[in-house]
Amino acid sequence: MRIGVLGGSFDPVHNGHLAIARAAIAEAGLDLLLFMPVYIQPFKMGAQASDGAHRLAMLKLAIEGEPAMGTTDIELSAKGVSYTINSLRAIKEQYPKGSVLSFVLGSDMFMMLEKWYKSKELLKEFSFIVASRPGCGDELLERHIETLGERYGASITRLSNEHVDLSSTEIREALKRDMLPEGQIPAAVEKYIYENGIYRQ
């Protein structure tokens, strides 16, 4: 079984996240793509995220009708700082032996991967699926993929996804002002946000 794990704050989940998930499923041949909302990101210590229950609920609404997508609350339920290697090891235990687990991330985060907690073990134990993100040139990304592959024997798949330049931060600000453009977040998620008063001043 091939499983992809896409981590992030998802505050809120938007159509850019969904586009990456669909590309990962199609291009990497995934049987399942799990969205994994973070509790506290090591690189965003002190940043205040919306309640985890709301973020998880929004994700579940966003993936309705997507049979190859699911969610995991492993980091939310563990609380504390979320370290990817611990989460992936725990998720792997939940699936049949021999399952291949890949971490899905944007090229911006991929370029910082060696700074992550236990990065050497992470790169040796798991495979990676990298989505192109604005601001990271193709040549630089290809070089980094090659370098990490040679250095750690890492299996790294690069997606040929189109750039969807959406930002959760900008979406939250637009929602506060009731000025969110159409097509940035799923309709069911937008409805949930307004019904629950999330992101209101």
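The values are calculated or read from the model by the stated rules, or taken from the named source; none is laboratory data. This one's a predicted model, so the numbers in the text were calculated from it and none came from an experiment. When we count neighbours, we look across all protein chains shown, and the Cβ atoms used for this are built from the backbone with ideal geometry, even at glycine.
Which of the residues belonging to region 59-75 are within 14 Å of the chain's Cα centre (by Cα) and among the aliphatic types (A, V, I, L, M)?
Scanning region 59-75 gives LEU59, ALA62, ILE63, MET69, ILE74.
Of the conditions (1) surrounded by fewer than 17 Cβ atoms within 10 Å (Cβ to Cβ); (2) farther than 21 Å from PHE126 by Cβ, LEU59 clears all except one; give me its number.
(1)
For region 23-35: of the residues being in contact (Cβ under 8 Å) with a residue 12 or more places away in the chain and within 14 Å of GLU162 (Cβ to Cβ), which is surrounded by the most Cβ atoms within 10 Å (Cβ to Cβ)?
Within region 23-35, the match that is surrounded by the most Cβ atoms within 10 Å (Cβ to Cβ) is ALA24.
Please return the ranges of helices (runs of 4 or more DSSP H) entirely within region 56-113 where 3 or more residues are more than 30 Å from GLY149 (Cα to Cα).
Fully inside region 56-113 and qualifying: 74-78.
Could you tell me which numbered condition PHE128 fails, if it satisfies all but one of (1) over 22 Å from SER50 (Cβ atoms); (2) part of a loop (DSSP other than H, G, I, E, B); (3) aromatic (Phe, Trp, Tyr)?
(2)
Which residue pairs have Cβ atoms closer than 8 Å, lie 6 or more positions apart in sequence or on different chains, and pair a first residue in region 1-22 that is closer than 21 Å to PRO67 by Cβ with a second residue that is of a type in the set (Ser, Thr, Tyr) and in a strand (DSSP E or B)?
Within 8 Å, the pairs are ARG2/SER102; ILE3/SER102; GLY4/SER102; VAL5/SER102.
For the subset of region 149-171 comprising residues that are in a helix (DSSP H, G or I) and more than 18 Å from the chain's Cα centre (by Cα), which member is surrounded by the most Cβ atoms within 10 Å (Cβ to Cβ)?
Applying the filter and picking the extreme gives TYR152.
Answer yes or no as to whether PHE43 is among the aromatic types (Phe, Trp, Tyr), in a loop (DSSP other than H, G, I, E, B) and either closer than 25 Å to ALA78 by Cα or modelled with pLDDT of 95 or more (or both).
no
Give region 97-148 a look and list any residue that's surrounded by fewer than 14 Cβ atoms within 10 Å (Cβ to Cβ) and within 19 Å of LEU32 (Cβ to Cβ), or say none.
LYS97, GLY98 - these are the residues of region 97-148 that are surrounded by fewer than 14 Cβ atoms within 10 Å (Cβ to Cβ) and within 19 Å of LEU32 (Cβ to Cβ).
Give me the pairs, please: first residue somewhere in region 158-182 and over 13 Å from ALA19 (Cα atoms), second residue anywhere and part of a loop (DSSP other than H, G, I, E, B) and acidic (Asp, Glu), beta-carbon distance under 8 Å, and either six or more positions apart or on two chains.
Short answer, once both residue conditions are applied: SER168/ASP11; ARG172/ASP11.
Go over the candidates VAL81, VAL100, VAL130 one by one and state the one that is touching a Pro at 6+ places or on another chain (Cβ under 9 Å), among the aliphatic types (A, V, I, L, M) and more than 27 Å from GLU182 (Cβ to Cβ).
Selected residue: VAL81, the only one of VAL81, VAL100, VAL130 that is touching a Pro at 6+ places or on another chain (Cβ under 9 Å), among the aliphatic types (A, V, I, L, M) and more than 27 Å from GLU182 (Cβ to Cβ).
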